[in-house]
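Input: a single structure, listed below in structure tokens.
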Amino acid sequence: YEIDPRLGSKDDFRALVSEAHRLGIHVILDGVFNHCGESFGPFRDVVANGAASRFADWFSIRSWPVETNPPTYQTCGGATYLPKLNLLNPEVRDYFCKVGTYWIEEFDIDGWRLDVPWKAPHDFWVEFRSAVLHARADAYLVGEIWRDATPWLDVFHGTMNYPMRNVITDYCLHDHMDAEDAALEISQLAAKLGPSQHWMLNLLGSHDTPRIRTVGSENDERLRLAFVAMFTLPGIPMIYYGDELDFV
């Protein structure tokens with residue numbers, strides 16, 4: 001419910017969203033609700049008070065006391081500084097559903113990008129979607145899904161379209177497929193996604209991939225072609241900050 005003071009204040013954020021809206025820009029936040037940082041208050045309480053902590057069931061603790069080497073609690077990706085939240089706990093689910101609506105109701109944000117949603121129970125996202133859309137009917141929910149998006153399109157409007165990225169880079173940059181194969185894979189992907197294809201977040205790079213300039217550094221024309229494909233195929237183009245310098 002707070003903003004890191006190194007980044008500014010809540011008044012700063014409210015002004016930013018207001019000015020963005022005046023310019024016709026929508027603002028979505030990145031929600032990481034599968035895990036937390038080790039400085040999250042409830043986790044610090046668990047470390048300090050052990051099994052007696054009122055937050056003991058907010059995490060998946062294998063043994064007490066809490067230790068980090070090796071971790072005695074479930075983590076995200078084995079990172080000890082990222083304790084995994086127990087989203088089977090109704091109190092935890094309610095907490096993060098309220099976080100999801102708080103930033104809409106108080107700051108008028110336009111939606112959420114949800115991190116590693118496949119690691120959380122599907123029915124939690126059903127609850128989260130219901131809460132968010134109740135607060136704002138036109139909010140946009142996009143999930144970080146790397147593979148087949150179809151099991152998630154009942155809870156997210158779209159997902160980060162990594163399968164489309166693979167087709168674009170294989171065809172435009174690497175010559176791993178010809179135009180016929182690319183057209184076939186794109187049409188198959190469109191058929192699988194149906195109307196949701198228009199809500200997908202098409203991308204060439206992200207914080208989880210090499211820069212597209214690194215991937216396609218040998219040929220500027222091919223790099224521009226990849227950007228053209230991203231902008232003209234069905235979906236929402238997503239430019240990872242800095243990549244815009246490669247096609248201006």
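Worth pointing out:
- For the range 123-189, radius of gyration divided by Kirkwood radius, i.e. Rg to Rh on alpha-carbons: 1.15
- Burial order of peptide ranges 212-220, 161-169 (average beta-carbon count within 10 Å, highest first): 161-169, 212-220
- In this simple spin-label model, placing a label point 7 Å from the Cα along the Cα-to-Cβ direction at both residue 176 and residue 67 gives a separation of 4.2 nm.
- D_trans [Stokes-Einstein, Kirkwood Rh over alpha-carbon pairs] for the chain, 25 °C, 0.890 mPa s, µm² s⁻¹: 122 µm²/s
- Sum of side-chain charges, residue 173 neighbourhood, beta-carbon under 14 Å (Lys, Arg +1; Asp, Glu -1): -3
- Neighbours of residue 123 by Cβ distance under 15 Å: Lys/Arg scored +1, Asp/Glu scored -1, total 0.
- Whole-number D in µm²/s for the range 105-248 (Stokes-Einstein; Kirkwood sum over Cα pairs; 10 °C, 1.306 mPa s): 98 µm²/s
- Coupling constants for the range 72-86 follow from the phi torsions by the Karplus curve (6.51 cos²θ - 1.76 cosθ + 1.60, θ = phi - 60°), and in residue order they are 9, 9, 6, 10, 8, x, x, 7, 5, 7, 10, x, 7, 7, 8 Hz; glycine and proline get x.
- Per-residue Karplus couplings for the range 201-218, computed as 6.51 cos²θ - 1.76 cosθ + 1.60 with θ equal to phi - 60°, are listed in order as 9, 7, 8, 10, x, 8, 5, 9, 10, x, 4, 5, 5, 5, 5, x, 6, 7 Hz, Gly and Pro entered as x.
- Each principal axis of the Cα atoms in the range 171-248 has its own extent, and those three values, largest first, are 32, 26, 22 angstrom.
- Annotation for the range 143-248: chymotrypsin sites (Phe, Trp or Tyr not before Pro) lying in DSSP loop with at most 12 further Cβ atoms inside 10 Å of their Cβ are 241.
- For q = 0.15 Å⁻¹, Debye-computed log10 I/I(0) when each Cα of the range 41-139 counts as one equal scatterer: -0.68
- Taking only protein heavy atoms and a 1.4 Å probe, the accessible area of the range 74-152 is 53% carbon and sulfur.
- Accessible surface for the range 92-222, divided over its residues, is 46 Å² per residue with a 1.4 Å probe.
- Neighbourhood net charge (15 Å Cβ-Cβ; Lys/Arg +1, Asp/Glu -1) for residue 54: -3
- Accessible area of the range 5-50 belonging to carbon and sulfur atoms, whole % at 1.4 Å probe: 56 percent
- Sparsely packed trypsin sites (Lys or Arg not before Pro) within the range 15-116, loop by DSSP, other Cβ within 10 Å at most 15: 54, 62
- Computed over the chain, the per-residue total of -39500 (n - 2.57) for DSSP H runs of n ≥ 4 gives a 222 nm mean residue ellipticity of -11500 deg cm²/dmol, rounded to 500.
- Theoretical FRET efficiency, 1/(1+(r/R0)^6), r = Cβ-Cβ of residue 221 and residue 21, R0 22 Å, to 0.05: 0.05
- Of the GluC sites (Glu not before Pro) found in the range 1-78, those that fall in a DSSP loop while having at most 10 other beta-carbon atoms within 10 Å are 2.
The values are calculated or read from the model by the stated rules, or taken from the named source; none is laboratory data. Model, not experiment: these values are computed from the prediction. All Cβ positions, even for glycine, are placed from backbone atoms using ideal geometry, and neighbour counts span all protein chains on display. Side chains included, ligands, DNA and RNA excluded: accessible areas come from the protein's heavy atoms. Shrake-Rupley method; radii C 1.70, N 1.55, O 1.52, S 1.80 Å.
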